[in-house]
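The values are calculated or read from the model by the stated rules, or taken from the named source; none is laboratory data. The model shown is predicted, which means the values in this text are computed figures rather than measured ones. Reconstructed Cβ throughout: ideal geometry from the backbone, glycine too, with neighbour counts over all protein chains shown.
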C-alpha cells in the first residue's frame, strides 16, 4: 500500500505560526499535524508514504526520519518546483505510487478526523470502481461543493454541485481518497485539480464512489478551525482514550497536558485545552478552548480563551487573551494587557491593549 499526503505550500492561513516552522510540523494535540496522518497510513498497511510539498522540504526531512523508523515506513518527498494543485502531485510521484497495483491513499494534510482507512479500503475494493471519496455531512451545504449520488447504485457519484442554492444533499468531499493506480493515467504533469478535473472524468466513467465518514471532521488549516478541531479531537480522546486526558481539581472538561508542564496553584484549566511540553502555568490562571505550545509561560492570574500561544511565548500577569488570538513564536504580552483577536508576529512585545482583531507586525 502507498499513501500521498498533500502538504502544499506556505501555510499562509495559519500564520503567524507558519512563519517559524512548516505547517505540517505545527503541533495539534501535542503532536505534529503530519504525524496524525503518518500514523493512520502506517496502521492501514502503507509501507510507502509520499509528501507532496513545495515549501521548505529540507526543514521536514530531519523531523520525519525518526517516524520512518518508528512506524516502519519509507517517507519520500515529492518536491514541486511550481504548485501543481491537488492532482499534479500524484503524477509527479508516479514512480513510487505506480510501483505496484495496490490502491493509493490520498490525504489533505489539513484534515483531522479518526481516519477510518482500513474500512475505507475494504469498501473501495468491494465496489470495483477506480476511486472512492470520503464524504462528511455538513449543516450548511451551500458553502461547499456537494456530492450527488446515483439513485439506482448505492454510493455511486452522479455529479457535484458547487455551492448549491437549492438543497441537493449534505455530503461534501472530506479531503481523503483512495484511488487505483489507473487514475494517475488521467492526470497530466501540470497544475491540475483532482476535484475539478480528475473526478469529473471518473464520474463520466461511473467509476467514482463515496464513503460516509463517521465521527468528527475538521479542516484545521486556519486558527478558528484549528481551535474547533482541537475541541472535536479532545472529545474523541475522551471517548476512545480517556486515560490520555488530564485529571485533577484544576481540570474542567477535556484537557490534554504534557507530563513536563508545570501547573500553579488555584488554576482552572478547561474545557478544551491542550498544554505542551515544558509549559509553565502560574497561580490562579484561567485557560479555556486554547492551545499553549511548548516552552511558553502563562503568568499568575492571566485569562486565556480561544487562543493559540506560540512556542516560547510569555503571557503577563493579569493579562487577558481572547477572540481567536494567535501569538507567534517568542512573543511577550506584558502584564495587565488585553488582546482580542490579535495575530502577533514572532519576537514581538505587546505593551498596549489590542481591542479589535488585527495583525501585529
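Could you please let me know if residue 254 is in contact (Cβ under 8 Å) with a residue 24 or more places away in the chain, touching a helix residue (DSSP H, G or I) at 6+ places or on another chain (Cβ under 6 Å) and assigned by TED's automatic domain parsing to the domain that holds residue 291? Spelling it out, it is not the case that residue 254 is in contact (Cβ under 8 Å) with a residue 24 or more places away in the chain, touching a helix residue (DSSP H, G or I) at 6+ places or on another chain (Cβ under 6 Å) and assigned by TED's automatic domain parsing to the domain that holds residue 291. Among the residues of region 68-118, write down those that are modelled with pLDDT under 80 and within 18 Å of residue 135 (Cα to Cα). Residue satisfying the conditions is 86 alone. Take residue 251 and decide whether it is over 23 Å from residue 327 (Cβ atoms) and surrounded by 15 or more Cβ atoms within 10 Å (Cβ to Cβ). Yes, satisfied. The set of residues in region 16-30 being part of a loop (DSSP other than H, G, I, E, B), modelled with pLDDT under 90 and over 13 Å from the mean Cα position of the chain (by Cα) consists of 20, 21.
In this entry, residue 95 is excluded by the filter for residues that are assigned by TED's automatic domain parsing to the domain that holds residue 30, in contact (Cβ under 8 Å) with a residue 60 or more places away in the chain and either in a loop (DSSP other than H, G, I, E, B) or surrounded by fewer than 18 Cβ atoms within 10 Å (Cβ to Cβ) (or both).
Would you check if residue 193 is under 23 Å from the mean Cα position of the chain (by Cα) and more than 24 Å from residue 215 (Cβ to Cβ)? When the stated conditions are applied, residue 193 passes them. Evaluating residue 76 against the criteria (1) in a strand (DSSP E or B); (2) closer than 24 Å to residue 230 by Cβ leaves one unmet condition, (2). Of everything in region 50-67 that's at pLDDT 85 or above and under 16 Å from residue 32 (Cα atoms), which residue is surrounded by the most Cβ atoms within 10 Å (Cβ to Cβ)? This residue is 51. When residue 126 is tested against the conditions (1) touching a strand residue (DSSP E or B) at 6+ places or on another chain (Cβ under 7 Å); (2) without any contact (Cβ under 8 Å) to a residue 60 or more places away in the chain; (3) farther than 17 Å from residue 214 by Cβ, the lone failure is (1). Is it true that some residue in region 325-336 is at positive phi, in contact with a helix residue (DSSP H, G or I) (Cβ under 6 Å, 6 or more places away or on another chain) and crowded, with 23+ Cβ neighbours inside 10 Å? No, that holds for no residue.
For residue 148, indicate whether it is in contact with a strand residue (DSSP E or B) (Cβ under 9 Å, 6 or more places away or on another chain), without any contact (Cβ under 8 Å) to a residue 40 or more places away in the chain and more than 22 Å from residue 6 (Cα to Cα). Spelling it out, residue 148 is indeed in contact with a strand residue (DSSP E or B) (Cβ under 9 Å, 6 or more places away or on another chain), without any contact (Cβ under 8 Å) to a residue 40 or more places away in the chain and more than 22 Å from residue 6 (Cα to Cα). Looking across region 167-189, just one residue is in a loop (DSSP other than H, G, I, E, B) and under 21 Å from residue 118 (Cα atoms), and that is 180.
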